[in-house]
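Scroll down for the structure; my scribbles are underneath it.
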Amino acid sequence: MDVFLGIDCSMRWTNIGVSDETGVLGEMNVHAGKEQAGMLPRMVDDLLRTRKLRLSDITVIGVTVGPGFFTGIRIGIAYSLGLSFSLDVRTIPVDSLEVMAQSFGVQNEIVAPILSASGGNFFGAVYRCEEGRLSPMHESGCFSHNEFSSILESIGANVRLLYQDIRLLDHFSERERSLWNVTPCFIRGGAVSELARRYSDRALFPSEIRARYHRAPDTGKK
């Protein structure tokens, strides 16, 4: 039986999960901030130990490749690829915004997850959730408020706007907040491992994994 390890460091939180063919076996979600690089290996070891698993039991690794914070994405990918090489297993790239939508777990609804970006912009995407499956209605990218609002208005249906950072709501008017059913949502490690399980046919060799920043890396911003 395959065992899927999911890893996300795309924002300030570090989220890991482990699944098998029956579903999520366990997850850990920690606000690690600048300690992500040091905490990630220990978190993986701790989670596997609590599930009575070893690193050698992992057969597939899923990792969020963006969008999100440049440094966090690099940390998650670097650790995941190092583990993939050492275990001789393949890696599945997962979109951070799709993981956020999966984390919310809504059924039969349109959701639009957003994450912080630089310059007053944000990363966003739109998904239709039906019977536990996500179908992209608009691919993820980096948008201004006006650009993303136009996308949501063009859908012409009730949309649930998912956010992590409440400051992002400052970009939206009171009318927009009520129209789009604004809801807080945080990425869960179990959602990463579950999407890795669902997309097992997309597994790549570690050397084929690429980050998806949706913009030029801005290493000067914290």
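The values are calculated or read from the model by the stated rules, or taken from the named source; none is laboratory data. Just so it is clear, the structure is predicted and the values come from calculations on it, not from any experiment. Don't worry about glycine lacking a Cβ; one is built from the backbone with ideal geometry, like all the others, and counts go over all protein chains shown.
Brief remarks on what is shown
- Any hit, the stretch 82-98, residues being in contact with a Pro (Cβ under 9 Å, 6 or more places away or on another chain), surrounded by fewer than 17 Cβ atoms within 10 Å (Cβ to Cβ) and not assigned by TED's automatic domain parsing to the domain that holds residue 165: yes
Matching residues to (1) closer than 14 Å to residue 193 by Cα; (2) out of contact with any helix residue (DSSP H, G or I) (no Cβ under 6 Å at 6 or more places or on another chain); (3) assigned by TED's automatic domain parsing to the domain that holds residue 202:
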{"site": "8", "(1), (2), (3)": "yes, no, yes"}
{"site": "14", "(1), (2), (3)": "yes, no, yes"}
{"site": "22", "(1), (2), (3)": "yes, yes, yes"}
{"site": "25", "(1), (2), (3)": "yes, yes, yes"}
{"site": "29", "(1), (2), (3)": "yes, no, yes"}
{"site": "36", "(1), (2), (3)": "no, no, yes"}
{"site": "39", "(1), (2), (3)": "no, yes, yes"}
{"site": "42", "(1), (2), (3)": "no, yes, yes"}
{"site": "64", "(1), (2), (3)": "yes, no, yes"}
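- Counting only strands (runs of 3 or more DSSP E) that sit completely within the stretch 1-63, those holding 1 or more residues that are hydroxyl-bearing (Ser, Thr, Tyr), touching a residue at least 24 places away in the same chain (Cβ under 8 Å) and surrounded by 16 or more Cβ atoms within 10 Å (Cβ to Cβ) correspond to 13-20.
- Taken across the stretch 175-195, residues that are outside any loop (DSSP other than H, G, I, E, B), in the same structural domain as residue 125 (by TED's automatic domain parsing) and touching a helix residue (DSSP H, G or I) at 6+ places or on another chain (Cβ under 7 Å) do occur, with at least one present.
- Test: residue in the stretch 143-153 that is surrounded by 19 or more Cβ atoms within 10 Å (Cβ to Cβ) and more than 23 Å from residue 13 (Cβ to Cβ): yes
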